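Enquirer: Take a look at this one; I'll ask things after.
The values are calculated or read from the model by the stated rules, or taken from the named source; none is laboratory data. Bear in mind the structure is a predicted one, so any value in this text is a computation, not a measurement. Here the Cβ positions follow ideal geometry from the backbone for every residue, glycine too, while neighbour counts run over all protein chains shown.
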């Protein structure tokens, strides 16, 4: 008797028109190739364009390897995990490329797993359904947030004590940055169930940011031009504070979106401050002269170890904060409804 078999998958291989190009090895050899690709791209990008290209090339390699494994070894014990991995990869591809066909296949794979999953595998399918909603949410409307909240709570009810409940609640909390009360309740609940030290550290950072709302932001350092800078010197104007890195594709895309929004405001209506986590301040300085000439940008080359971010609880890129005219933190998410939020700060007293 086969340990696991997916008779539907042979047809699904044709869904995106992929052609089998790899020679079949043993199940263990082919699975080892799938796992080896978890190490990521073989080289490090220097620009956002390179980062995107490398990411897409890596997705292609992983997809070829997974489809090859599932086609050649549908009865192998790793086939179930292979299907979950492929669904997850297709969700990522859908997000990166706006590929609705990939998202549709990812949903189809999960739906097909529900009736065939063994009792011990059902929790994996249930968890994958929650993360599917997270990855394919797109713009987080209130309706989408509520739907995800309901899905996460259902997972929590059906699998109480499951170790992944805490991480799910942490990810869910991030979607409520404009509702700090809800965000803090979710984080506090997650902290109680968190087991992993790194997750606890992340929750501590997240709570630090929530508790910073309404408080003056303490930020000082040396600009990429070599000048001393204190953010308190900008009192009297609203401030958009952007934590970013050139190697982060979402960072670069968010900066471009902010620039388009700011172009609709009166000149000098707000001050722009960037904190770069790049390792080469001189490269950031060159980028600034071309893309963000009017910004004040700090970069000490220390990345995530920099006191510019550690003391503020920053643990994700991009992070965009909005400060009022008195230098107090008013929004943890300046990317959602950016123009509306910034205009409110401009017209506030």
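Enquirer: Within region 216-251, how many residues turn out to be in contact with a strand residue (DSSP E or B) (Cβ under 8 Å, 6 or more places away or on another chain) and either assigned to a loop (DSSP other than H, G, I, E, B) or loosely packed, with under 15 Cβ neighbours inside 10 Å (or both)?
Expert: Let us first name the residues in region 216-251 that are in contact with a strand residue (DSSP E or B) (Cβ under 8 Å, 6 or more places away or on another chain), namely 216-217, 219-224, 228-232, 234, 237-246, 251.
With either assigned to a loop (DSSP other than H, G, I, E, B) or loosely packed, with under 15 Cβ neighbours inside 10 Å (or both) added as a condition, the list becomes 217, 219-220, 222, 224, 228, 230, 232, 237-238, 245-246.
Looking only at that region, the number is 12.
Enquirer: Right, another one. Would it be correct to say that residue 242 is assigned by TED's automatic domain parsing to the domain that holds residue 328 and under 24 Å from the mean Cα position of the chain (by Cα)?
Expert: Judged against the criteria, residue 242 is a match.
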